[in-house]
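Report on one structure; see the data block that follows.
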Amino acid sequence: MNAQRYIKENESIIKHLNVVERVISDLRPIRNNEEATRAYYDSILTADKKYERYLSDYRDWTSNGKTWNEPIFSSNQKEIDQDIALEVRCELRNVVEHDRSYGYLFYLLGIEYNQTHSGFPYECVYYTELINFSIDFCFDDIKENLVSIHSDREKLALLIDRKKECLQIDFSQCNKAWLDDLNTARDIFVNSCQAEIESITELIKLRLPTDTGKSIPKKVIEMYNLWENAPNKSGFVNIFAGIEMEEYLTMVKKADFSEISQRNHMNRIRDTIYLLSEDSVMGKDWGEKTAKSIGKELTGKATNYIERDYIKNAFAPKS
């Protein structure tokens, strides 16, 4: 869970909430930097430890006849008060435990706990690639960005682009011991993007009924996503390239695919219309009208194009 979301959902039980929020905010822009995170930890979060070291040095000084310069305790204005520093670190450990982007901080907090407590230790070992991936592909960050975007088309474009970028990340050179964690993080991000894409397209669908009054079924949106997210294989194309979701749904609504009929992908377009003309989707009447818009007849005759098996198998109703 994203650290900010954890704080928001648990703010009533977090001790020293304002301080914890400040620390998370301070560390956010440097959480990908191990040295900077450690420097912040040492200078801001450990005043109690520093005071304990001072007391130890002072006792040594007095017990050895004060034969060297007297130890001096120094503090800085930004550091957390020594009286609450330990409690703040405990709260921070809970806040970032499941946010991999704060892996360097969690390592420092977990190591401290493991060294001072018996029993079940925290698994706080970090992997730089996983930290960086979690920063680059944080769905909660995208959700925050979507709030400021008013156009559904722009929201979908952002989600689709980020999903594609995530799927294109190559983990082949990564430490094999971390592949499961990396793949899990990717699955969570991709699935979250897809769920949001479907949610937005459902809203679009409600605003775009067909001319006959029939609402646009979810399978219509699924067809667009299949072409949009076709595997990156040699020869694969997207017949809706450059066509935004809203434009596509308008084409479906009007039963008019003439806009894409000049793309030299007639077999793909014709077969797509046929699949969408299933009774459970848009129906035969819609199919015949749409096929006519591209100068063809509605037919399920097998056509030859490289994506055919991928599209038909993915689009087929689940049994």
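The values are calculated or read from the model by the stated rules, or taken from the named source; none is laboratory data. Because the structure is predicted, anything quoted here is derived from the model rather than measured. Note: ideal-geometry Cβ built from the backbone for every residue, glycine included; neighbour counts use all protein chains shown.
Miscellaneous remarks
- Hey, Ile30 under 25 Å from Asp136 (Cα atoms), touching a Ser or Thr at 6+ places or on another chain (Cβ under 7 Å) and outside the structural domain of Lys143 (by TED's automatic domain parsing) or not: yes
- The stretch 121-157 - residue that is closer than 14 Å to Asn2 by Cβ and polar (S, T, N, Q) and, of those, surrounded by the most Cβ atoms within 10 Å (Cβ to Cβ): Ser134
- Residue satisfying all of: in the stretch 66-111; of a type in the set (Gly, Ala, Ser) and crowded, with 19+ Cβ neighbours inside 10 Å; farthest from Lys50 (Cα to Cα) among these: Ser101
- In the stretch 242-255, residue modelled with the lowest pLDDT [restricted to those that are under 23 Å from Ala316 (Cα atoms) and touching a helix residue (DSSP H, G or I) at 6+ places or on another chain (Cβ under 7 Å)]: Met245
- Only one of the numbered conditions (1) touching a helix residue (DSSP H, G or I) at 6+ places or on another chain (Cβ under 9 Å); (2) outside any helix (DSSP H, G or I) is not met by Leu130, and that is (2).
- Filter result for Asp271 (in contact with a Ser or Thr (Cβ under 6 Å, 6 or more places away or on another chain), part of a loop (DSSP other than H, G, I, E, B) and either at positive phi or modelled with pLDDT of 85 or more (or both)): no
- Flag if Glu129 is in contact with a His (Cβ under 9 Å, 6 or more places away or on another chain) and touching a residue at least 40 places away in the same chain (Cβ under 8 Å): no
- The stretch 181-194 residues that are under 17 Å from Leu158 (Cβ atoms), paired with ones that are among the charged types (D, E, K, R) (beta carbon under 7 Å, 6 or more apart): Val190/Lys163; Cys193/Arg162; Cys193/Lys163; Gln194/Lys163
- Comparison of Glu144, Glu154 shows that the only residue that is farther than 27 Å from Glu34 by Cβ, assigned by TED's automatic domain parsing to the domain that holds Leu182 and assigned to a helix (DSSP H, G or I) is Glu154.
- Put simply, of Gln173, Gln194 the only residue that is of a type outside the set (A, V, I, L, M) and at pLDDT 90 or above is Gln194.
- Met223 crowded, with 18+ Cβ neighbours inside 10 Å, under 30 Å from the mean Cα position of the chain (by Cα), closer than 26 Å to Lys164 by Cα and at pLDDT below 85: no
- Check on Ser261, of a type in the set (Ser, Thr, Tyr), surrounded by 13 or more Cβ atoms within 10 Å (Cβ to Cβ) and over 36 Å from the mean Cα position of the chain (by Cα): no
- The one condition in (1) at pLDDT below 90; (2) among the basic types (Lys, Arg); (3) outside the structural domain of Ala39 (by TED's automatic domain parsing) that Lys78 fails to fulfil: (3)
- Any hit, the stretch 137-148, residues being free of Cβ contacts under 8 Å to residues at least 12 places away in the same chain, hydrophobic (A, V, I, L, M, F, W, C) and farther than 29 Å from Glu196 by Cβ: no
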